[in-house]
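J.: Structure incoming, see below.
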Amino acid sequence: MPDIEIISKQLVDEVSQAAQASQRQRKNFNFHQRDDAICHRLLNALEPGTYIPPHCHRAQAKGESIVMLRGKVGVLIFSDDGKITNKFVIEPNGETFGVDISPGAIHSLVALEKSSVFFEAKAGPYVPLAEDERFEWAPTEGADAAHEYLAWMENQFR
């Protein structure tokens with residue numbers, strides 16, 4: 001009989017607590033093996049204050065699907081020059097509770113509530129972002145300007 005992993009309130013709580021304890025204010029819990037070349041399946045916990053630089057995944061197989069389990073997350077879609085082309089909120093009991101992001105779409109996520117957790121699926125294996133998947137107009141994580149840019153992104157949802 002194959003092993004199973006129950007996606008329970010306890011597991012979501014544990015991943016949230018790990019995110020709160022993390023310097024980056026986010027944490028994922030992988031259901032896949034790290035070197036799984038087919039499909040990555042994970043819980044991703046975000047806390048307010050975490051900065052996910054706008055980025056894209058150019059490989060045609062690298063679309064990603066996100067379904068909210070708890071909390072509230074703002075989704076930002078950008079043009080190549082850094083202008084916002086779409087923005088919306090996803091939350092489990094809201095009108096919009098998930099998103100499927102096509103390869104090449106420049107995007108970022110903003111945690112709007114504590115203990116926000118979503119389920120994510122995307123093609124494996126893990127490959128770090130290439131230079132052409134990052135953008136000069138968006139500060140890198142850890143850069144001095146990242147705090148100001150994150151505040152600007154958060155303000156898009158106030």
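The values are calculated or read from the model by the stated rules, or taken from the named source; none is laboratory data. Since we're looking at a predicted model, the values are computed, not measured. All Cβ positions, glycine included, derive from the backbone under ideal geometry; neighbour counts span all protein chains shown. Ligands, DNA and RNA are excluded from the accessible area calculation, which covers all protein heavy atoms including side chains. Shrake-Rupley method; radii C 1.70, N 1.55, O 1.52, S 1.80 Å.
J.: When region 55-68 is examined, which residues are found to be farther than 13 Å from E131 by Cα and outside any loop (DSSP other than H, G, I, E, B)?
T.: E64, S65, I66, V67, M68, listed by residue number.
J.: Let me ask something additional. Go through region 20-41 and give me each residue that's over 10 Å from P125 (Cβ atoms), open to solvent by 70 Å² or more (accessible area, probe 1.4 Å) and not polar (S, T, N, Q).
T.: Correct list: A21, R24, K27, R41.
J.: Now, a different point. Please verify whether region 4-12 includes one or more residues that are outside any loop (DSSP other than H, G, I, E, B), among the basic types (K, R) and without any contact (Cβ under 8 Å) to a residue 12 or more places away in the chain.
T.: yes
J.: For region 98-141, name all the residues that are in a helix (DSSP H, G or I) and touching a Cys at 6+ places or on another chain (Cβ under 6 Å).
T.: E133
J.: Okay, next question. Which members of region 58-95 meet the condition of being touching a helix residue (DSSP H, G or I) at 6+ places or on another chain (Cβ under 8 Å) and either modelled with pLDDT under 95 or among the polar types (S, T, N, Q) (or both)?
T.: R58
J.: N44: modelled with pLDDT of 95 or more and either in contact with a helix residue (DSSP H, G or I) (Cβ under 9 Å, 6 or more places away or on another chain) or crowded, with 20+ Cβ neighbours inside 10 Å (or both), yes or no?
T.: Taking the combined requirement at face value, the residue satisfies it.
J.: Follow-up. Any idea which of A111, A130, A121, A61 is open to solvent by 50 Å² or more (accessible area, probe 1.4 Å), touching a Lys or Arg at 6+ places or on another chain (Cβ under 9 Å) and under 25 Å from H32 (Cβ atoms)?
T.: Sole residue among the options that is open to solvent by 50 Å² or more (accessible area, probe 1.4 Å), touching a Lys or Arg at 6+ places or on another chain (Cβ under 9 Å) and under 25 Å from H32 (Cβ atoms): A61.
J.: Considering only residues that are assigned to a strand (DSSP E or B), more than 16 Å from F118 (Cβ to Cβ) and either open to solvent by 90 Å² or more (accessible area, probe 1.4 Å) or not hydrophobic (A, V, I, L, M, F, W, C) (or both), which ones fall in region 69-97?
T.: Residues satisfying the conditions are T85, N86, K87.
J.: Filter region 22-33 down to the residues that are modelled with pLDDT under 95 and either out of contact with any strand residue (DSSP E or B) (no Cβ under 9 Å at 6 or more places or on another chain) or not in a loop (DSSP other than H, G, I, E, B) (or both) and list them by number.
T.: N30, Q33
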